[in-house]
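Asker: I am attaching a structure below and will ask some questions about it afterwards.
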Amino acid sequence: MAATRQKAAAENKLAMYILGANWCHDSTDFAALLKDPSVAPMIEQGYDVQFINVGYLQYIREYVNPYEVPIIYTTPTVMVVEPHSNTLLNRASLPYWGTASSRKPQDVSDYFKQFSAGTPPPEP
């Protein structure tokens with residue numbers, strides 16, 4: 001995670017950590033949404049993305065503890081981090097992508113456009 005954050009900071013992008021699993025249809029569907037031609041350029045321009053396999057959630061604590069996230073209910077859990085301050089920007093909406101299989105590319109655009117490097121997190 002540190003390497004992704006450093007790279008994002010150097011490129012003036014945000015870090016996106018996708019805590020998911022290959023057994024999870026929402027995780028694989030979210031990955032496919034990020035590759036959609038209507039979404040991919042915006043993600044590539046604004047984010048450095050790291051996919052993290054959390055198994056059956058047994059590995060998730062080591063990734064969320066530094067951000068003081070007390071519990072995770074779903075995969076994928078997508079964390080948007082401002083790399084300079086190491087601030088979790090989307091704390092209030094962490095469960096949102098747990099239903100990625102029912103989301104559309106426009107949902108991805110709408111969600112991720114609200115964040116930008118160097119900005120404070122939105123109000124919950």
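Throughout, read-outs are computed from the coordinates displayed, never taken from laboratory work. The shown structure was predicted, so the numbers you read here are calculated from the model rather than taken from an experiment. A quick note on method: Cβ atoms are made from the backbone with ideal geometry, for glycine too, and the neighbour counts reach across all protein chains shown.
Asker: Which aspartates and glutamates have a Cα lying under 16 Å from the Cα of K7, excluding residues fewer than 8 positions away in the same chain?
Answerer: E44, D48, E82
Asker: What are the ³J(HN,Hα) values, in whole Hz, obtained from phi via the Karplus relation 6.51 cos²θ - 1.76 cosθ + 1.60 with θ = phi - 60°, for each residue of the range 7-23 in sequence order, with x given for Gly and Pro?
Answerer: Residue by residue, the range 7-23 yields 5, 4, 4, 5, 9, 6, 10, 9, 8, 10, 9, 10, 8, x, 7, 6, 7 Hz.
Asker: Quote the charge dipole size of the range 2-112 about the Cα centre in Debye, to the nearest 20; the model charges only the Cβ of Lys and Arg (+1) and of Asp and Glu (-1).
Answerer: Dipole magnitude for the range 2-112 comes out near 100 debye.
Asker: Still on this structure, I have one more. If one puts a single equal scatterer on every Cα of the chain and applies the Debye formula without solvent, what log₁₀ I(q)/I(0) results at q = 0.11, 0.21 Å⁻¹?
Answerer: Scattering profile of the chain, log10 relative to I(0): -0.32, -1.32.
Asker: Related question: Treating cross-link reach as a plain straight distance, find the lysines whose alpha-carbon is under 24 Å from the alpha-carbon of K104, omitting any fewer than eight places away in the same chain.
Answerer: Reachable lysines: K13, K35, K113.
Asker: Of the chymotrypsin sites (Phe, Trp or Tyr not before Pro) in the range 1-84, which ones lie in a loop per DSSP and count no more than 14 other C-beta atoms within 10 Å?
Answerer: The qualifying sites are W23, Y56, Y59, Y73.
Asker: Right, next: Whole angstrom only: what separates the Cα centroid of the range 61-83 from the Cα centroid of the range 2-35?
Answerer: 12 Å
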